[in-house]
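**Student:** Once you've had a glance at the structure underneath, I'll fire off some questions.
The values are calculated or read from the model by the stated rules, or taken from the named source; none is laboratory data. Since the structure is predicted, the reported quantities are computational estimates derived from the model, not experimental observations. Cβ atoms come from the backbone with ideal geometry, glycine included; neighbour counts cover every protein chain shown.
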Amino acid sequence: MSTHAAIGMRLPDNTIQAIYCHNDGYPGGAGAVLGGWYTTPERVKALIDLGSLSQVNQELAPAPGTQHCFKKPQELVTIAYHRDRNDRLEPGENYATLEDYEAGAPETFGADYLYLFENGKWSFYSVYGEKEWTELEVTVCGRN
């Protein structure tokens, strides 16, 4: 069974754009990857522009000239349904407020966890237990 997540970003107009992530949506999976490797607005926007994901990984795209597809993905490369399986692009959903995101994303995406990139930081929200946002704190060892 997969742990589904919504990955969202606060936009300049204060709305939230979010996409679906099918696998490893828990904080130790997708949360660790987002907090460790998707740390700039440009990189987060590029991730969201991929549309629905099978899995988020450290690398946004495969190295130029290398083979990468849904059935044979490169290790550590994000797997996107549109780019890697030729599915129709699903650009996600826009939410007017944080409350709309909290209420809508679990139903729209079947998400167990919601992630939000805002002001250069990631936070997450579990649809189970206490309904509160927690800032992600990720340390990536051995990175230059």
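**Student:** If Val127 meets every condition in (1) touching a residue at least 24 places away in the same chain (Cβ under 8 Å); (2) over 18 Å from Ala32 (Cβ atoms); (3) among the β-branched types (Val, Ile, Thr) apart from one, which number is that one?
**Tutor:** (1)
**Student:** Scan region 63-89 residue by residue and report those that are touching a strand residue (DSSP E or B) at 6+ places or on another chain (Cβ under 7 Å) and under 26 Å from Val127 (Cβ atoms). Show your work before the answer.
**Tutor:** Of all residues in region 63-89, those touching a strand residue (DSSP E or B) at 6+ places or on another chain (Cβ under 7 Å) come to 68, 70, 73, 76-81.
The answer is Thr78, Ile79, Ala80, Tyr81.
**Student:** For region 2-61, which fully contained strands (runs of 3 or more DSSP E) count at least 3 residues that are closer than 17 Å to Ser126 by Cα?
**Tutor:** Counting at least 3 such residues, we get 5-10, 16-21.
**Student:** Another question, if that's okay. Any residue in region 47-66 that is modelled with pLDDT of 95 or more, at positive phi, touching a Pro at 6+ places or on another chain (Cβ under 7 Å) and of a type outside the set (Phe, Trp, Tyr)? Even if it seems obvious, please write down each step before you answer.
**Tutor:** Filtering region 47-66 down to residues modelled with pLDDT of 95 or more leaves 47-60.
Still in the list and also at positive phi: 51.
Imposing the further condition that a residue be touching a Pro at 6+ places or on another chain (Cβ under 7 Å) reduces the set to 51.
Checking which are of a type outside the set (Phe, Trp, Tyr) leaves us with 51.
Scanning region 47-66 turns up at least one residue that is modelled with pLDDT of 95 or more, at positive phi, touching a Pro at 6+ places or on another chain (Cβ under 7 Å) and of a type outside the set (Phe, Trp, Tyr).
**Student:** For region 102-116, which residues satisfy the criterion of being closer than 15 Å to Cys21 by Cα and in contact (Cβ under 8 Å) with a residue 12 or more places away in the chain?
**Tutor:** Hits for region 102-116 are Ala105, Pro106, Thr108, Phe109, Gly110, Ala111, Asp112, Tyr113, Leu114, Tyr115, Leu116.
**Student:** Follow-up question, since we're still on this one. Residues to consider are Asp49, Asp24; find the one that is acidic (Asp, Glu) and either surrounded by 17 or more Cβ atoms within 10 Å (Cβ to Cβ) or over 15 Å from Phe117 (Cβ atoms) (or both). Working first, answer last.
**Tutor:** Numbers: Asp49 fails: either surrounded by 17 or more Cβ atoms within 10 Å (Cβ to Cβ) or over 15 Å from Phe117 (Cβ atoms) (or both).
Matching residue, one of Asp49, Asp24: Asp24.
**Student:** Quick check: is even one residue across region 30-46 at pLDDT 95 or above, surrounded by fewer than 18 Cβ atoms within 10 Å (Cβ to Cβ) and over 19 Å from Asn119 (Cα atoms)?
**Tutor:** So far as region 30-46 goes, no, none of its residues is at pLDDT 95 or above, surrounded by fewer than 18 Cβ atoms within 10 Å (Cβ to Cβ) and over 19 Å from Asn119 (Cα atoms).
**Student:** What number goes with the only condition from (1) touching a residue at least 24 places away in the same chain (Cβ under 8 Å); (2) surrounded by fewer than 19 Cβ atoms within 10 Å (Cβ to Cβ) that Pro12 does not pass?
**Tutor:** (1)
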